[in-house]
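A short worksheet on the structure shown next.
No lab work stands behind these numbers, since they all come straight from the coordinates. Quantities reported herein were computed from a predicted structural model and do not represent experimental measurements. Cβ placement follows ideal geometry from the backbone for every residue including glycine, while neighbour counts extend to all protein chains displayed.
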Amino acid sequence: MTINAKGNRKQDRIYSAPLFEIEFMKINEFPQPKKVSGVIYINERPLFPISWLYKQEFCEYQIYLENVAGIKVEPTRQMVVGKQEHENLYEEFKKEAVPTTLDEMLLESKKAQIFSRELSVRDLGHGIYGLIDEVLLTPDSFIVVDDKPGTKTFLSNINQVFGYCLAFKSSVVLQDSRPVIAALRERGTDNIYWNEPFDPQAEGHITTVIERIHTLLTGALEFSSSDNPNKCRACRFKERCDRVCS
């Protein structure tokens, strides 16, 4: 399916919804991780940030350095700019957003296209949580959008948006069977430069990655590191990393 990235967004109904949280009828059991910053617990179940799916593909040793070893480094300029742009977009969104519930959004979107920004999701079944940049709910599908700088399609970006898709799908699966579509959008524009159905193959792929991260956090596996010098040169931990490659 191709998304029309040039449509008039002013025609969409805008909604602000509370955090979506669902516990699967059959919850996956996760071993308890060691003390790791960023991991939260709900009903004694560990959840890690969906953004770690990006870090894991880029270099999972970043998770170890920052969240296990507790190494602190300054954010990159790109991170600072991105955070500010997210905040600006959300402030504009709130000016027109209508407070609502998940049930109301699902019902309304069967008749008209609506969207919500900074949608907070927690998936207890897979042990992940995060904020989705934007979800477009149409009568035919749910489009989960993640904003990225530039227009290159990296697997790390795909993994992150697949994680958001999984958490969102888990929130609505018992109420609505409309398909979920993953989309990457150039930050600050309406340019959707990549999109793909979140099908069983995509779900299986990202579930495997999630399970690996949970296993890493318990200490049962050793964190691997990238052997790509280009990644090391771009990494904000390069001055503190004991595995940096040249």
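Tell me, Trp194, Trp52 in order of fewest to most beta-carbon neighbours within 10 Å?
Taking fewest neighbouring Cβ atoms as first place, the list is Trp194, Trp52.
Between the stretch 178-246 and the stretch 98-129, how many Å separate their Cα centres?
Cα centres, the stretch 178-246 to the stretch 98-129: 24 Å.
Could you derive backbone 3J(HN,Hα) for the stretch 37-47 from the dihedral phi with the Karplus parameters 6.51, -1.76 and 1.60 (θ = phi - 60°), listing whole Hz in sequence and x where the residue is Gly or Pro?
With coefficients 6.51, -1.76 and 1.60, one gets 5, x, 7, 10, 10, 10, 6, 6, 9, x, 10 Hz.
For Thr151, what charge total do you get from the other residues with a beta carbon under 11 Å from its beta carbon, if Lys and Arg give +1 and Asp and Glu give -1?
Numbers: positive: Lys148, Lys152, Arg185, Arg187; negative: Glu186.
Neighbour charge sum, excluding Thr151 itself: +3.
Given the pairs Lys72/Lys231; Lys83/Lys238; Lys110/Lys152; Lys152/Lys238, which span a C-alpha to C-alpha distance of over 25 angstrom in this model?
Lys110/Lys152
Count neighbours as other Cβ atoms within 10 Å of each site's Cβ, and list the trypsin sites (Lys or Arg not before Pro) in the stretch 139-194 that are DSSP loop with at most 13 such neighbours.
Details: sites: Lys152, Lys169, Arg185, Arg187; in loops: Lys152, Arg187.
When the trypsin sites (Lys or Arg not before Pro) of the stretch 139-194 are filtered for loop state and at most 13 Cβ neighbours within 10 Å, Lys152 remain.
Select from the stretch 168-244 those GluC sites (Glu not before Pro) which occupy a DSSP coil region and have at most 11 other Cβ atoms within 10 Å, ordered by residue number.
Answer by residue number: Glu222, Glu239.
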